[in-house]
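J.: Here you go, one structure.
Quick note: the coordinates plus some simple rules give every number you see, no bench work behind them. Bear in mind the structure is a predicted one, so any value in this text is a computation, not a measurement. Reconstructed Cβ throughout: ideal geometry from the backbone, glycine too, with neighbour counts over all protein chains shown.
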Amino acid sequence: MTTAKCRTTETPSRIYRSAVCTLHFALCILFALHVMADEPKTSRVVIGVHGGIGVEREQMTPELAAKLRAALEESLRAGRAALEREGATGLDGVEAAIRVLEDSPLFNAGKGAVFTHEGRNELDASIMEGKTLRAGAIASVTIIKNPITAARAVMEKSKHVLLVGRGAEVFATRAGLEIVDPSYFWTEPRWRDIQKRWEQEAAGKAGEGARYVNPLLPKSAFGTVGAVALDRDGNVAAGTSTGGMTNKAFGRVGDSPIIGAGTYADNAGAAVSCTGHGEFFIRWSVAHEVNALIKHAGMKLEDAAHDVIQRQLKPAGGEGGLIALDRHGRFTAEFNTSGMYRGSITDDGVVRVALYDD
Ligand code: ASP
């Protein structure tokens with residue numbers, strides 16, 4: 001009787017305990033899955049680059065696509081190699097990756113810079129370190145071979161963030177950077193682009209800074225380059241370099257050298273480099289906005305990038321895109337145009353390069 005009583009009272013309690021145990025176990029599994037989903041993958045992206053918006057897909061040729069892919073890959077490998085050197089920081093990765101793209105005539109930065117309305121090449125660049133929020137930038141320079149290196153020198157060797165024009169050039173010369181004659185930046189395709197613009201303007205078709213794609217030469221107004229990097233200590237960095245927009249006014253400065261607009265890096269958020277119609281990127285403080293959505297609103301990296309590029313800029317008519325990388329090695333590329341030349345490399349050396357929405 002007693003036994004039977006005990007059984008009848010113990011059985012429900014056992015069932016209850018085992019149900020609680022099962023539920024607890026299930027919750028633990030769910031929690032672990034959730035944590036794993038949020039955890040960085042074993043291979044982290046250590047360098048991401050972009051080469052601007054580029055040309056519409058219909059204008060791309062297989063030859064140009066192959067050259068672009070090869071240049072992006074070379075840049076990624078150079079950035080990763082720089083990061084692997086003893087004591088390297090994210091800044092080393094960013095600078096090395098961008099210098100490769102600046103030295104290539106394929107991109108609107110350094111050697112391949114577009115022409116202003118006056119037929120000159122005026123270059124802008126910026127760089128930022130996510131651990132310290134230190135930053136450097138230069139704008140409207142005409143004789144500095146690698147503007148990204150000058151931006152870094154401003155950050156490391158001056159007490160300022162942004163130097164422009166002659167002041168930036170004198171500073172870079174004194175800092176021992178490579179100086180070239182302005183004719184170094186002259187390239188046949190870009191020259192033909194600006195001539196075509198002048199013809200259109202003479203015929204009353206194009207406004208200053210308006211987007212234009214020369215159907216004969218697959219180059220567009222947007223071809224800025226940028227890089228984001230993650231070093232071994234978990235610090236991010238970002239940089240951007242450009243010739244600006246084809247046919248821009250003498251002295252016009254876009255978003256690329258503006259910290260918070262074209263470039264931003266913050267370990268607590270992300271490293272961001274932008275490309276697109278600079279006037280919009282300045283007004284929307286795009287790079288900083290992405291960082292702020294992650295840091296203050298707790299958004300995921302790709303959601304923050306999507307929000308700014310697709311929900312904020314696109315309806316306003318701001319064409320462009322960005323790349324972003326966080327301290328866990330999560331990388332995203334977002335654009336509201338038909339394409340954006342871009343790529344990434346992981347710490348184990350896996351390279352991914354894409355030109356359009358593929
Ligand atoms: N954002 C650059 C500028 O407005 C142009 C570009 O990204 O191609 O100067």
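J.: In nm, what is the difference between 0.36 nm times the number of residues separating residue 356 and residue 86 and their Cα-Cα distance?
T.: Length gained between residue 356 and residue 86: 93.6 nm.
J.: Separate question: Between residue 186 and residue 314, what FRET efficiency comes out of the Förster formula 1/(1 + (r/R0)^6) with R0 = 25 Å and r the beta carbon distance, rounded to 0.05?
T.: Working from the Cβ atoms, E equals 0.10.
J.: I've got another one for you. Could you line up 194, 258 from fewest to most neighbouring Cβ atoms inside 10 Å? Don't jump to the answer; show the numbers that get you there.
T.: Details: 194 21, 258 26.
So the residues, fewest neighbours to most, are 194, 258.
J.: If I stretch the segment between residue 132 and residue 179 completely, what's the gain in nm (0.36 nm per residue apart, minus their alpha carbon distance), one decimal? Show your work: numbers first, answer last.
T.: Numbers: separation 47, 0.36 × 47 = 16.92 nm, distance 2.93 nm.
Between residue 132 and residue 179, full extension yields 14.0 nm more.
J.: For the range 216-358, what's the relative contact order in percent, using C-alpha pairs closer than 8 Å and at least 6 residues apart? All intermediate terms of the calculation are to be shown ahead of the outcome.
T.: Values: 294 pairs, mean separation 27.4, N = 143.
Relative contact order, the range 216-358: 19 percent.
J.: Nearest 20 debye, what's the magnitude of the dipole of the range 223-279 about its Cα centre given +1 on Lys and Arg Cβ and -1 on Asp and Glu Cβ? Walk me through the intermediate numbers first.
T.: On the way: 3 positive and 5 negative charges, 46 e Å.
Using only the charged Cβ atoms, the result is roughly 220 debye.
J.: Still on this model: Find the relative contact order for the range 61-170 and round it to a whole percent, using C-alpha pairs within less than 8 Å whose residues are 6+ positions apart.
T.: Dividing the mean separation by the residue count of the range 61-170 yields 17 percent.
J.: Quick one: order 306, 160 by neighbouring beta-carbon count within 10 Å, fewest to most. Kindly include the intermediate steps, with their values, before the conclusion.
T.: On the way: 306 18, 160 13.
Ordered from fewest to most neighbouring Cβ atoms within 10 Å, 306, 160 come out as 160, 306.
J.: Please order 140, 338, 285 by the number of other Cβ within 10 Å, starting at the fewest.
T.: Ordered from fewest to most neighbouring Cβ atoms within 10 Å, 140, 338, 285 come out as 338, 285, 140.
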